[in-house]
Amino acid sequence: MGSVILSGVRKSYGDVEVIKGIDLTVADRELCVFVGPSGCGKSTLLRMIAGLEDIDAGSVLIDGVDVTEAAPAKRGLAMVFQNYALYPHMNAYDNMAYGLRRAGLAKEDVDRRVRAAARKLQIEALLDRRPKQMSGGQRQRVAIGRAIVREPKVFLFDEPLSNLDAALRIETRAQIAGLHQDLKATMIYVTHDQIEAMTLADKIVVLRSGIVEQAGAPLELYEHPDNVFVATFIGTPAMNLIPVELTAASPEVLSVRMADGGLLDVAGNWRKAEPGAKAQLGIRPERVSWGEADGSAPLGRVRLVERFGGETLCYMDMPDGSTVTAKAAGIAALAPGETVSLQFDLTGANLFDADGRSLRVRRTR
Ligand code: ADP
Ligand code: MG
């Protein structure tokens, strides 16, 4: 099928540069998710791959072929948009068949492909309906069907679930994951929703202001973010960032002092750091637990407790004014205003320097 390789791609609108030199490889059959806040350039980058936007610098290779100057139709791609973009006057069948007919495919082949896609997407009963006669979820499935029938090398999705309600989003997300397994195709999927990124992706690319902040497997980004932007963007509730000062530094252990004077040793594989430097200790909420206040551990004052049934989130104010979030399984008996002691499980804990960059030695990719 198709790999996608971007080398030094750039794009400006007027004198505003929105894509600032991106290098990226999407492997054959990979499901790669571009995620980042609104306006960071996700759609622009996807449209550059599709050939819908000109590229100011750099190159795009699809399946080993340089398509930087190639017309969209010559790139072997199919794109699915947030707003479905179906022809309103055509029924679902014709919407899916249209591109194939235009490409001159024989009637029987068109019919075979449309019916196979409809079966996969469970929309066989809807083939006679026009978009107006379908729900949002059904329309989006027709739009996905229209992409499938083209048998592209690469599928491009731009926020395909954003117009669907919560339950349908989860259902359609699972369907896209199933399609990826089934079709064994390369897919590039754009979303602002980090949960979609975490659940769907083989590889996540976190974008901010037109640059790649980090690219890697979902759990790699979750466990070892390269910087505080990725640390707080991936995972809800966000990773705790606790202000600390380095007191001793070795390649295997960094010792830190918290605001209340407490000392912690954090094991890891650390780059060179200077004692005395300010840093931030990054700990996921599920690695923070609480107990009765006994004076030997940092104390927090409970501000808010959220009970989800299966888990409880507790937001605590620390003496230095920062907030720490803890997540525990089950239903916790805890009330706002209580003072509790906090325990940090430092296994895999992260440390970030004053510029917000991870102190961990970067693994080569
Ligand atoms: P995202 O999809 O991540 O929300 P976009 O790729 O749509 O972001 O936009 C990235 C930036 O480029 C935004 O600041 C947006 O305002 C700007 N932009 C997008 N399209 C155009 C355009 N046609 N002309 C000028 N600016 C644009
Ligand atoms: Mg967009």
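Membrane-span-like helices of the chain, defined as complete DSSP H segments with a Cα extent of 15 Å or more along the helix axis and a mean Kyte hydropathy of at least -0.5, are identified as 136-148, 166-183.
Quick one: net charge of Arg287's neighbours, Cβ under 10 Å, K/R +1, D/E -1? Write down the numbers at each step before the final one.
Numbers: positive: Arg284, Lys327; negative: Glu286, Asp345.
Taking every Cβ under 10 Å from that of Arg287, the sum is 0.
The Cβ shell under 14 Å around Gly58 holds other residues with a net charge of -4, Lys and Arg each +1, Asp and Glu each -1.
Computed over the alpha-carbon pairs of the chain, the distance histogram in 10 Å steps reads 5, 21, 25, 21, 15, 9, 3, 0 percent, short to long.
So for the chain, taking the charge dipole from beta-carbon charges (+1 Lys/Arg, -1 Asp/Glu), which of Pro72, Gly310, Gly276 sits furthest toward the positive end? Comparing the listed Cα positions along the dipole, Pro72 ranks first.
Just check the range 215-365 against the gyration tensor rule for me: Cα atoms, a ≥ b ≥ c as the square roots of the eigenvalues, rounded for a/c under 1.5, and otherwise prolate or oblate depending on whether a/b exceeds b/c. Show your work: numbers first, answer last.
Numbers: a/c = 2.28, a/b = 1.38, b/c = 1.65.
The shape class here is oblate.
For Asp94 and Phe308, what is the calculated FRET efficiency with R₀ set at 45 Å and r taken between the beta-carbons, to the nearest 0.05?
Working: r = 45 Å, r/R0 = 1.01.
FRET efficiency, Asp94 to Phe308: 0.50.
Partners of Lys120 within straight-line reach, counting aspartates and glutamates whose Cα lies under 18 Å from its Cα and excluding those fewer than 8 residues away in the same chain: Asp94, Asp109, Asp111, Asp128, Glu151, Glu171, Asp182.
Pairs from the table (Lys20/Lys153; Lys11/Lys278; Lys278/Lys327; Lys20/Lys132) lying more than 29 angstrom apart at Cα are Lys11/Lys278; Lys20/Lys132.
If we count every other residue with Cβ under 12 angstrom of Leu161's Cβ, Lys/Arg +1 and Asp/Glu -1, where does the sum land? Before the final figure, lay out the partial values.
Numbers: positive: Arg141, Arg169, Arg173; negative: Asp158, Glu159, Asp165, Glu171, Asp193, Glu196.
Result for the neighbourhood of Leu161: -3.
With the cut-off at 1.5 for a/c, could you classify the range 57-178 from its C-alpha gyration tensor as rounded, prolate or oblate? Please report the intermediate quantities before stating the final value.
On the way: a/c = 1.96, a/b = 1.28, b/c = 1.54.
In terms of gyration-tensor shape, oblate.
Going by average Cβ neighbours within 10 Å, how do the peptides 96-109, 117-130, 155-168 rank, with the highest at the top? It would help to have the intermediate numbers written out before the result.
Values: 96-109: 14.0, 117-130: 16.7, 155-168: 18.4.
Ranking the peptides 96-109, 117-130, 155-168 by packing returns 155-168, 117-130, 96-109.
Beta-bridge orientation, the chain: approximately 80 percent antiparallel, per DSSP, counting only bridges with both partners inside.
Output the relative contact order of the range 25-127, whole-number percent, from Cα pairs under 8 angstrom with separation of 6+ residues.
Details: 49 pairs, mean separation 14.8, N = 103.
Result for the range 25-127 is 14 percent.
Express as a percent, rounded to the nearest 5, the fraction of DSSP beta bridges in the range 153-269 (both residues included) that run antiparallel. Mind dumping the intermediate values first?
Details: 15 of 20 bridges.
Roughly 75 percent of the beta bridges in the range 153-269 run antiparallel, per DSSP.
Bear in mind these aren't lab numbers, they're just calculated from the coordinates by the rules spelled out. From a predicted model like this one, the values you see are computed outputs, not experimental measurements. Counting neighbours? That spans all protein chains shown, and the Cβs are built from the backbone with ideal geometry, glycine included.
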